[in-house]
Amino acid sequence: GAVVSQHPSWVICKSGTSVKIECRSLDFQATTMFWYRQFPKQSLMLMATSNEGSKATYEQGVEKDKFLINHASLTLSTLTVTSAHPEDSSFYICSASDRSSYNSPLHFGNGTRLTVT
Amino acid sequence: KNQVEQSPQSLIILEGKNCTLQCNYTVSPFSNLRWYKQDTGRGPVSLTIMTFSENTKSNGRYTATLDADTKQSSLHITASQLSDSASYICVVQPHNTDKLIFGTGTRLQVFP
């Protein structure tokens, strides 16, 4: 079945540094990918919709200059957390669909655990 | 406001027993309702997808039902296994949009 690969699975960084997270669709082309963050014992919160070849669409309250999204190809989207702070520590998850229909399964990556010290 | 609420928040059952998780939603109109399983520290995995016109869908020991009139869905797990311990998330896709609305999840723990 369709697979979405997310890398790295975990990362620890110092406050003030930037971290890049990659999301790849391995066996299908994804014109749209989604980025979520998830706090402990809470559900996924959509951060932004990443569109191949165009600017990402951010949800209300998500700083676009802090969470940079690049969707340069049909199989790769990246999320860069710039000038990370401890409050950015969270579980970040991406998802993608082959968009064959609105009822197509949405495939999720296995997430990236970010810890900012 | 579109909402998806799940109950119970958490559930503990013994291995081999059945259980049913509930999902109530206010999203209307909607394209489909999905159930996902999320293991701790992992991404969600799709269990079932039902369009607004479907009433039930099965995937092995998982059976989802949908009542679009009462805006309720349930996920029934038969003969639970230890590996069923996870969070189960009900997700509704509104009509004409890619944005999914996630429920708060039910944390299921299966003990031997």
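Go through the stretch B:49-63 and count every residue that is of a type in the set (Ser, Thr, Tyr) and modelled with pLDDT of 95 or more. Talk me through it step by step, then tell me what you get.
Step one: list which residues in the stretch B:49-63 are of a type in the set (Ser, Thr, Tyr), which gives B:51, B:53, B:56, B:58, B:62-63.
Checking which are modelled with pLDDT of 95 or more leaves us with B:56, B:58, B:62-63.
Final tally of qualifying residues: 4.
From the list B:Ser80, B:Ser28, B:Ser58, B:Ser53, which one is in contact with a strand residue (DSSP E or B) (Cβ under 6 Å, 6 or more places away or on another chain) and hydroxyl-bearing (Ser, Thr, Tyr)? Write out each step before concluding.
Details: B:Ser28 fails: in contact with a strand residue (DSSP E or B) (Cβ under 6 Å, 6 or more places away or on another chain); B:Ser58 fails: in contact with a strand residue (DSSP E or B) (Cβ under 6 Å, 6 or more places away or on another chain); B:Ser53 fails: in contact with a strand residue (DSSP E or B) (Cβ under 6 Å, 6 or more places away or on another chain).
On inspection, the qualifying residue turns out to be B:Ser80.
Inspect the stretch B:49-70 for any residue being of a type in the set (Asp, Glu), in a strand (DSSP E or B) and farther than 29 Å from A:Gln60 by Cα and give the result as yes or no. Outline the logic, then answer.
Let us first name the residues in the stretch B:49-70 that are of a type in the set (Asp, Glu), namely B:54, B:67, B:69.
Checking the rest, the ones that are also in a strand (DSSP E or B) come to B:67.
Now drop any that are not farther than 29 Å from A:Gln60 by Cα, which leaves B:67.
Yes, some residue in the stretch B:49-70 is of a type in the set (Asp, Glu), in a strand (DSSP E or B) and farther than 29 Å from A:Gln60 by Cα.
What's the total number of residues in the stretch A:3-46 that are of a type in the set (A, V, I, L, M, F, W, C), surrounded by fewer than 16 Cβ atoms within 10 Å (Cβ to Cβ) and not in a strand (DSSP E or B)?
Selection size over the stretch A:3-46: 3.
Only one of (1) in contact with a His (Cβ under 7 Å, 6 or more places away or on another chain); (2) free of Cβ contacts under 8 Å to residues at least 60 places away in the same chain is not met by A:Ser15, so which one is it?
(2)
What are the residues in the stretch A:68-108 that are part of a loop (DSSP other than H, G, I, E, B), under 21 Å from A:Gln38 (Cβ atoms) and among the hydrophobic types (A, V, I, L, M, F, W, C), if any? Full working, then the answer.
At the first step, the residues of the stretch A:68-108 found to be part of a loop (DSSP other than H, G, I, E, B) are A:74-75, A:82-85, A:89, A:97-106.
Add one more test, that the residue is under 21 Å from A:Gln38 (Cβ atoms), and what stays is A:82, A:84-85, A:89, A:97, A:105-106.
Passing the criteria: A:Ala84, A:Leu106.
Restricting attention to the stretch B:66-103, and to residues there that are of a type in the set (Val, Ile, Thr) and crowded, with 17+ Cβ neighbours inside 10 Å, which single residue is nearest to the other protein chains (Cβ to nearest Cβ)?
Residues of the stretch B:66-103 of a type in the set (Val, Ile, Thr): B:70, B:77-78, B:89, B:91-92, B:97, B:101.
Filter once more, so that each one left must be crowded, with 17+ Cβ neighbours inside 10 Å: B:77, B:89, B:91-92, B:101.
On the way: B:Ile77: 19, B:Ile89: 6, B:Val91: 8, B:Val92: 12, B:Ile101: 9 Å.
Going through the qualifying residues, I end up with B:Ile89.
Taking the stretch A:57-67 only, how many residues are in a loop (DSSP other than H, G, I, E, B), within 13 Å of chain B (Cβ to nearest Cβ) and more than 21 Å from B:Val92 (Cβ to Cβ)?
Let us first name the residues in the stretch A:57-67 that are in a loop (DSSP other than H, G, I, E, B), namely A:59-66.
Imposing the further condition that a residue be within 13 Å of chain B (Cβ to nearest Cβ) reduces the set to A:59-60.
From the residues that got through so far, the ones that are more than 21 Å from B:Val92 (Cβ to Cβ) too are none.
Final tally of qualifying residues: 0.
Are there any pairs with C-beta distances below 8 angstrom linking a residue in the stretch B:45-56 that is under 16 Å from B:Val27 (Cα atoms) and free of Cβ contacts under 8 Å to residues at least 60 places away in the same chain to a residue that is of a type in the set (Lys, Arg) and buried (at least 16 other Cβ atoms within 10 Å of the Cβ), with the two at least 6 apart or on different chains, and if so which?
Taking only residues 6 or more apart or on different chains, the pairs are B:Ile49/B:Arg34; B:Ile49/B:Lys57; B:Met50/B:Arg34; B:Met50/B:Lys57.
Of all residues in the stretch A:10-27, which are more than 17 Å from A:Ala84 (Cα to Cα) and in contact with a strand residue (DSSP E or B) (Cβ under 9 Å, 6 or more places away or on another chain)?
As a first pass, look at the stretch A:10-27 and keep what is more than 17 Å from A:Ala84 (Cα to Cα): A:23-27.
Within the stretch A:10-27, A:Cys23, A:Arg24, A:Ser25, A:Leu26 qualify.
Hey, among the residues in the stretch B:27-48 that are outside any strand (DSSP E or B) and of a type in the set (S, T, N, Q), which one's farthest from B:Tyr88 (Cα to Cα)?
Taking the stretch B:27-48 and keeping what is outside any strand (DSSP E or B), we get B:27-29, B:39-44.
Right, trim to of a type in the set (S, T, N, Q) and you get B:28, B:40.
On the way: B:Ser28: 22, B:Thr40: 11 Å.
Filtering the stretch B:27-48 for residues that are outside any strand (DSSP E or B) and of a type in the set (S, T, N, Q), the one farthest from B:Tyr88 (Cα to Cα) comes out as B:Ser28.
Could we say that A:Ile12 is within 12 Å of A:Leu114 (Cβ to Cβ), touching a Cys at 6+ places or on another chain (Cβ under 9 Å) and of a type in the set (Val, Ile, Thr) here?
Numbers: within 12 Å of A:Leu114 (Cβ to Cβ): yes; touching a Cys at 6+ places or on another chain (Cβ under 9 Å): no; of a type in the set (Val, Ile, Thr): yes.
For A:Ile12, the condition - within 12 Å of A:Leu114 (Cβ to Cβ), touching a Cys at 6+ places or on another chain (Cβ under 9 Å) and of a type in the set (Val, Ile, Thr) - is not met.
The values are calculated or read from the model by the stated rules, or taken from the named source; none is laboratory data. Just so we're clear, the structure is a prediction, and the values are computed from it rather than from any experiment. All Cβ positions, glycine included, derive from the backbone under ideal geometry; neighbour counts span all protein chains shown.
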